[in-house]
Amino acid sequence: MLRSSSRNSGQTEPLAALVAIGLVCTGVVLYTGVLATLYPSTTASDPADATLEQVWNAVGSDGVYHETIDRSDLHEGVELPDGYTVVIEVTTVTDEGRTIVVDSALVREDGSIQYDRSDVERPETTGTASRSVGVQLEADPAGDVRGGTLHVEVWR
């Protein structure tokens, strides 16, 4: 037969438990705040990031931009933001260490397209986004793939 005791083992004081829960919650909030400061996120409504993701997905099914493909593949099937001008550019570095523009397209807000025209004047509010992409140059023997950059600029 068990005897009852005035000491119940396994129980904590309610005040100590509330203080411990408060300290854990404070720690989580501080940790999240520090992470948010160190790694600021962009929202899905950012037109440059959204455009970059769509262009990157459209560039090639294998994740490689092939220089020999039709230039319209830079923007074909991509839902560009309405009322914005967009510059899409693919660059890579040559064996000599020189950065070259493999392809570029300027899509104006009215839908007109100019290729190899990234030298337009941009406003200060231009949104930019870049991402690595494999690039296969037409001149590379045996279809070598080199590192490159897909760069997008978006403005009103």
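Reported to the nearest whole Å, the Cα centre-to-centre distance from segment 88-103 to segment 124-156 is 8. As a proxy for reagent exposure, H151, H66 were ordered by neighbouring Cβ count within 10 angstrom, fewest first; the result is H66, H151. Distances between placed amide hydrogens fall under 5 Å for Y65 paired with G134, V135, Q136, all partners being 5 or more residues away or on another chain.
Along the charge dipole of segment 47-155, pointing to its positive end and built from +1/-1 on Cβ of Lys, Arg, Asp and Glu, which listed residue (T125, H66, A48) has its Cα farthest out? The residue sitting farthest along the positive end of the dipole is T125.
Report the extension gain between V120 and A36 in nm, rounded to one decimal, defined as 0.36 nm multiplied by the number of residues separating them, less their alpha carbon distance.
Numbers: separation 84, 0.36 × 84 = 30.24 nm, distance 3.50 nm.
Extra length available between V120 and A36 comes to 26.7 nm.
Using 0.36 nm per residue and subtracting the Cα-Cα separation, the extra length available between D140 and S72 on full extension is 22.3 nm.
Since every read-out is calculated from the coordinates, none of them should be taken as a lab result. These figures come from a predicted structure and were not determined experimentally. Every residue, glycine as well, gets a Cβ built from its backbone with ideal geometry; the counts of neighbours run over all protein chains shown.
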